[in-house]
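The values are calculated or read from the model by the stated rules, or taken from the named source; none is laboratory data. What you see is a predicted model, and the numbers here were worked out from it, not measured in a lab. Here Cβ is always computed from backbone atoms with ideal geometry, including for glycine, and neighbour counts include all displayed protein chains. These accessible areas exclude ligands, DNA and RNA; they are computed on the full protein's heavy atoms, side chains included. Shrake-Rupley method; radii C 1.70, N 1.55, O 1.52, S 1.80 Å.
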Amino acid sequence: MTVTPPVLRVEHHAQPALGVGEDRPRLSWHVDAAHPAYRQGAYEVAWRTTAPDGAVVEEATSVMDGDAQVLVPWPGAPLAPRARAEVRVRTRDGGADGAGWGPWSEPAVVERGLTPDDWTAELVGPGYDEGPAEARRAPLLRRGFDVPGSTVRSARLHLTAHGLVEAELNGRRVGRDELVPGWTPYDDRLRVYAYDVTDLVRPGANALGTWLADGWFRGRYGFDGGHRDLYGAHVGVLAQLEVVTDAGTVVVGGDAAWRSAPGPLTRASLYDGETFDARLLPAGWSEPGFDDSAWSPVAVLPLDRAVLAAPDGPPVRCTGELPPVSVTRAPGPDGEDGWLVDFGQNHSGRPRLTVPAAPAGTVVRVRHAEVLQDGTLYTRTLRDAAATDEVVLDGAGLTWEPRFTVHGYRYAHVTGWPGTPTEKDVAAAIVSRVLHSDMARTGWFASSDPALDRLHENVVWSLRSNFVDIPTDCPQRDERLGWTGDIQAFAPTAAFLYDVHGMLADWLRSLSAEQRRFGGTVPVYVPWIPGGTYWQPTQDIAGWGDAATLVPEALHRDSADRALLERQYASAVTWVDKVAGLAGPDRLWDTGMQLGDWLDPTAPPEDPLRAQTDPHLVATAYLARSARSVAETARTLGRDDDAVRYATLADEVAAAYRKRYVDSGDATHDTQTAHALAIVFDLLDGDDARARAGERLAALVRDGGDTVGTGFAGTPLVTDALSSTGQLDAAYALLLSHASPSWLAMVDLGATTIWERWDSMLADGTVNPGEMTSFNHYALGAVADWLHRVVAGLAPLEPGYRRFRVAPRPGGGLTHASARHVTPYGTAEVAWRVEDRADGTELVVRCVVPVGATAELDVPGAEPTVVGHGEHEVRVRRG
Ligand code: BGC
């Protein structure tokens, strides 16, 4: 075989893709290996579309000439709601040694979900008085139903909720998704998840049950002690089960025949944790035959079905388990006797315990924290999040995990463990379940420096901890909001490390919706909730609102998803127009409250705003950057007039920036961040000015003892600013510095994730006294993007890595480094190593170019070359 079978994907969905929203889902494939002369000259798609009863709706093939293989248009008739298509693809070799058609791919499956018109089910919630808002118990809802005939051919459950929901069919859990339906501005968009439940439904008597909890819909969260009932006072489940049998189709949906009762979760809160009282669990409640006559009828709740929509991204799931690395007998934060458990890694998740039998009423309690101080959990930084889970035994032993909460932690403290266990007993009975959006890993980095590798690992863990349905600032304290500035800084890094495309595309829909709601302002976090003392939805803030332009740009660069750019275009343009209006004719955005270079290392604990760099300098720089981004997007989309208009705006803002901020003599304009912005955002006039700025930046780094002087704005840029102006040594000095503040100083203090502040932990091992101190914020980890592109040397040149650069820049005494990325064309890799030889050293660079892509090799000391797919090696002798 001269070419391996293509691997086929549908949109940005995992396989099988059930309940999708697209009626013409785009297809992408990659070929893992092919002979060197292979070029895709044509592709053939074969598809078979069926209705739920198995009737064939369409069966066809389509041949298209050309080399397109990423997000190609759907070749068939639009998929009707519920239609299922099995799709295969093969490619024809159009290269010099063209050998005809290659093998077929494995089939990919895509099933369309329901449209708002396809719903007959009602939203149903508890029909009894739930009592005061602070003390509501999480409800259970159920309905028995009969399935006619003798065979179940297929069954799908379409599910969403006001609140959070987990479904059971005949006593068995449906799927393994968590925190469904996640968090969107629910009045605008409520996501529906679809499950194949063919194996759970049977002919005859059945029952469908749902756990329901407050979640983001009406639970307590937010600033200043939080709010309740933010989206409404009533939780409800919207479920529609469609079963096809040999005797016809049955649809079981929410209706007045459902029953409701308070369940065994006496507390279920995202911030505070959960209490499960096993004594209150009605045995067999989600099985047929359960007597629910003592339960209450349900309330049928109003719902605008037009807001129902399919998710673009994956649900939250448990993606791994962390066993304890140590368990010791130690007091808890309030002096309580118990067991201190170290999971060895800060992360988002929740515990699972296997508790032995003990007298009914025994309470086992688990508290959580990111760090220890004085030998016990340090919980002050959680602020108003209790992060406490409890199980109340009914006498029997049980394995238990909370259902509707998530915590950010490395350590737990357990009290109330029955009997007299040893540390080993407790260690064997507890794991932490890692929870986040279930995205595929797509990026890796390694080097010869273990501290640098640990830094990279910390970035990966901060990503995992904060991609929990929406991109959050932190997973632990009473915040966990979709801060736009944080993801603006981190999106390029994220897009390399994980397949974040579906999840962030989904969140960008929420961003657009909130932006529309607030007249063009992109709020500092999305979804928007009341902002307490500081935050209003009318604040236009540089670096934060720019998520509207820069997050779609970063996603497109990685995925070549033009439709996403098109979809977000109005949002991006509206943001830039808004800010250009604020800047006015002098093109300087120098009014209003700005977060500027938030949290640079000089910001005192109580005032994270107080940075070295003029915040209005940062604002004007961002206006230029976003205007340039819109100009380029417009060009990509063929909107030529806009391309010219926004390029002119960008030029004018850059000119105004130079006039006002370059060489002004003001110390707040002569900082690491100021120079980094000017260089990377292309605000300077000509190469000489760039080189001068690079020299000055390098001098500032050197004079600062190779310590970091940047916050959220400067940190993602500073190493690029140096390496792109001939100051590679200064970039490495900064990257590899162990002097505080620096990335590796965090590592030296035992960080397992990226901290919010450079000094979240002080050098003496105590926690920063600032009330805003987290140990798990990804923004300062944006340097990993530079590790991938410059240290290892794997950088896209064209969207989707169709053309990319292999341009490693060894330095800093590293003897090897490598990066690998799953591009839309398959896996690309660069690995370099300095080898000792008798007469000096040799730099050996190896790269892998996926089929369909081209790489420009730019290795120091070697002639630049362009190579096609396959493995390549360059060797350069050094003195
Ligand atoms: C969050 C940040 C956010 C910032 C904005 C903090 O409370 O945790 O990461 O971007 O506020 O001011």
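Could you state the per residue volume, in Å³, of the convex hull enclosing the Cα atoms of segment 1-62?
121 Å³
Given 10 °C and 1.306 mPa s, how large is the Stokes-Einstein diffusion coefficient of segment 277-323 in µm²/s, with Rh as the Kirkwood radius over Cα pairs?
In µm²/s, the coefficient is 99.
Hey, if you drop one equal point scatterer on each alpha-carbon of segment 480-606 and run the Debye formula without solvent, what base-10 log of I(q)/I(0) do you get at q = 0.09, 0.10, 0.15 Å⁻¹?
Log-scaled intensity ratios, in q order: -0.26, -0.32, -0.71.
Compute the orientation-averaged projected area for segment 685-767 from the convex hull of its Cα atoms and round it to one decimal in nm².
Working: hull surface 22.1 nm².
Across all orientations, segment 685-767 yields a mean hull projection of 5.5 nm².
Output the direction-averaged projected area (hull surface divided by four) of the convex hull of the alpha-carbon atoms of segment 284-392, in nm².
Numbers: hull surface 50.8 nm².
Taking a quarter of the hull surface, the average projection is 12.7 nm².
With runs of 4+ DSSP H residues as the only contributors, calculate the mean residue ellipticity of the chain at 222 nm using -39,500 (n - 2.57) per run, divided by the residue total and rounded to the nearest 500. Walk me through the intermediate numbers first.
Working: 14 runs with 184 residues, N = 879.
Result for the chain, helices only: -6500 deg cm²/dmol.
Can you put 496, 518 in order of accessible area, largest first, using a 1.4 Å probe?
518, 496
Considering amide H positions built from the backbone, and no H for Pro or chain starts, which residues 5 or more places from residue 589, or on another chain, come under 5 Å of its amide H?
620
I want to verify the translational diffusion coefficient of segment 531-634 in µm²/s; compute it with Stokes-Einstein, Rh as the Kirkwood radius over Cα pairs, at 4 °C and 1.567 mPa s. It would help to have the intermediate numbers written out before the result.
Working: Rh = 14.7 Å.
Answer, rounded: 88 µm²/s.
Report, to two decimal places, the Cα Rg of segment 208-315 normalised by 2.2 N^0.38 Å (N = number of residues). Let's see the in-between values first.
Details: Rg = 16.7 Å, N = 108, 2.2 N^0.38 = 13.0 Å.
Normalised Cα radius of gyration, segment 208-315: 1.28.
How big, in percent, is the set of alpha carbon pairs in segment 72-111 lying more than 13 Å apart?
When all Cα pairs of segment 72-111 are counted, 64 percent exceed 13 Å.
No solvent, one uniform scatterer per C-alpha: report log10 I(q)/I(0) for segment 637-786 via the Debye equation at q = 0.14, 0.16, 0.20 1/Å, two decimals.
-0.74, -0.89, -1.16
When the Cα centres of segment 107-162 and segment 659-731 are compared, how far apart do they sit, in Å?
About 56 Å separates the Cα centre of segment 107-162 from the one of segment 659-731.
Can you tell me the alpha carbon radius of gyration of segment 675-728 divided by the globular rule-of-thumb value 2.2 N^0.38 Å?
The reported ratio for this selection is 1.01.
Could you check the spin-label model distance between residue 380 and residue 150? Points 7 Å from the Cα along Cα→Cβ, value in nm.
7.3 nm
Roughly how big is segment 705-791's charge dipole about its Cα centre, with Cβ charges of +1 (Lys, Arg) and -1 (Asp, Glu), in debye to the nearest 20?
160 debye
Determine the distance separating the Cα centre of segment 387-446 from the Cα centre of segment 734-749; give it in Å without decimals.
So the two Cα centres are separated by 31 Å.
If you count only protein heavy atoms and use a 1.4 Å probe, how large is the accessible surface of residue 632, to the nearest 10 Å²?
It works out to around 90 Å².
In segment 742-796, if every C-alpha pair distance is counted and binned at 10 Å from zero, what percent goes to each bin?
Reading the bins upward from 0: 24, 46, 21, 9, 0.
What Rg and what Dmax come out for segment 587-676 when only alpha-carbon atoms are used, in angstroms?
When restricted to Cα atoms, segment 587-676 yields Rg and Dmax of 15.1, 48 Å.
Between 300, 315, 345, whose Cα lies farthest towards the positive end of the dipole of segment 288-377 when Lys and Arg beta carbons carry +1 and Asp and Glu beta carbons carry -1, centred on the Cα centre?
Most positive-ward Cα: 315.
Which angle from 0 to 90°, rounded to the nearest 10, does the C-alpha axis of helix 686-703 make with the longest principal axis of the chain?
70 degrees
Just to verify a number: FRET efficiency for residue 593 and residue 692, C-beta to C-beta distance, R0 = 35 Å, to 0.05? Write down the numbers at each step before the final one.
Working: r = 32 Å, r/R0 = 0.92.
Efficiency computed from Cβ-Cβ geometry: 0.65.
Among 420, 354, what's the order by accessible area (1.4 angstrom probe), most exposed first?
Largest accessible area first, the residues go 420, 354.
At 1.4 Å probe size, with no ligands or nucleic acids counted, give the accessible surface of residue 120 in Å², nearest ten.
Estimated to the nearest 10 Å², residue 120 gives 100 Å².
Tell me the per residue accessible area of segment 107-186 using a 1.4 Å probe; a whole number in Å² is fine.
Details: 2630 Å² over 80 residues.
Here the per-residue accessible area is 33 Å².
With bins 5 Å wide starting at 0, give me the P(r) of segment 380-486 over every alpha carbon pair, in whole percents.
Each 5 Å bin holds this share of Cα pairs: 2, 8, 16, 17, 17, 14, 13, 7, 4, 1, 0.
Work the Kirkwood hydrodynamic radius out for segment 151-203: mean of 1/r over every pair of different alpha-carbon atoms, inverted, in Å.
Averaging 1/r across every pair of different Cα atoms and inverting gives 12.1 Å.
Taking +1 at the Cβ of each Lys and Arg and -1 at the Cβ of each Asp and Glu, which of 791, 700, 684 sits farthest along the dipole of the chain towards its positive end, judged by Cα position relative to the Cα centre?
791
Residue 764 versus residue 56, label points 7 Å from Cα toward the beta carbon: distance in nm?
Each label point lies 7 Å from its Cα, and together they span 7.8 nm.
Per-residue accessible area for residue 64 at 1.4 Å probe radius, Å² rounded to 10?
Near enough 90 Å² of accessible area.
Angle check, please: helix 547-559 long axis (alpha carbons) against the longest principal axis of the chain (alpha carbons), in degrees 0 to 90, nearest 10.
Helix 547-559 sits roughly 90 degrees off the main axis of the chain.
Using Cα-only point scatterers and the Debye equation, what is log10 of I(q)/I(0) for the chain at each q in 0.05, 0.07, 0.10 Å⁻¹, rounded to two decimals?
These q points yield log10 I(q)/I(0) values of -0.29, -0.58, -1.20.
Once the piece of chain linking residue 441 and residue 363 is laid out straight, how much longer is it, given 0.36 nm per residue of separation minus the C-alpha distance between them?
24.2 nm is the gain from fully extending residue 441 to residue 363.
When the C-alpha atoms of segment 68-192 are aligned to their principal axes, what extent does each axis show, in angstrom, from largest down?
Sorted largest first, the three principal extents are 76, 42, 27 Å.
Between residue 877 and residue 172, 0.36 nm times their residue separation minus their Cα-Cα distance comes to what?
Full extension of this stretch gives 247.4 nm more.
For segment 299-455, report the translational diffusion coefficient in µm²/s to the nearest whole number, using Stokes-Einstein at 10 °C, 1.306 mPa s, and a Kirkwood Rh over Cα pairs. Spell out each step's value before the answer.
On the way: Rh = 17.7 Å.
Estimated diffusion coefficient is 90 µm²/s.
How many angstrom separate the Cα center of segment 855-875 from the Cα center of segment 219-262?
One Cα centre to the other: 57 Å.
Starting from 0.36 nm per residue, how many nanometres of slack lie between residue 815 and residue 667 once their C-alpha separation is accounted for?
Result for the pair: 49.5 nm of gain on full extension.
Pairs of alpha-carbon atoms within less than 8 angstrom and 6+ residues apart define the contacts here; what relative contact order does the chain have, in percent?
On the way: 2300 pairs, mean separation 85.6, N = 879.
This gives 10 percent for the chain.
With everything on Cα atoms, drop me the angle between helix 501-517 and the longest principal axis of the chain, reported from 0 to 90° to the nearest 10.
The angle comes out at about 90 degrees.
What Kirkwood radius, in Å to one decimal, follows from the Cα pairs of segment 141-251?
15.0 Å
Over segment 764-872, with the other protein chains present, what is the accessible area per residue in square angstrom, probe 1.4 angstrom?
33 Å²
If you take the alpha carbon radius of gyration of segment 194-238 and divide it by 2.2 N^0.38 Å, what ratio comes out, to two decimals?
With N residues counted in segment 194-238, Rg over 2.2 N^0.38 Å equals 1.77.
Compute the distribution of all C-alpha to C-alpha distances in segment 464-537, in bins of 5 Å from 0, and list the percent of pairs in each, rounded to whole numbers.
For segment 464-537, the pair-distance distribution reads 3, 16, 27, 26, 17, 8, 3, 0.
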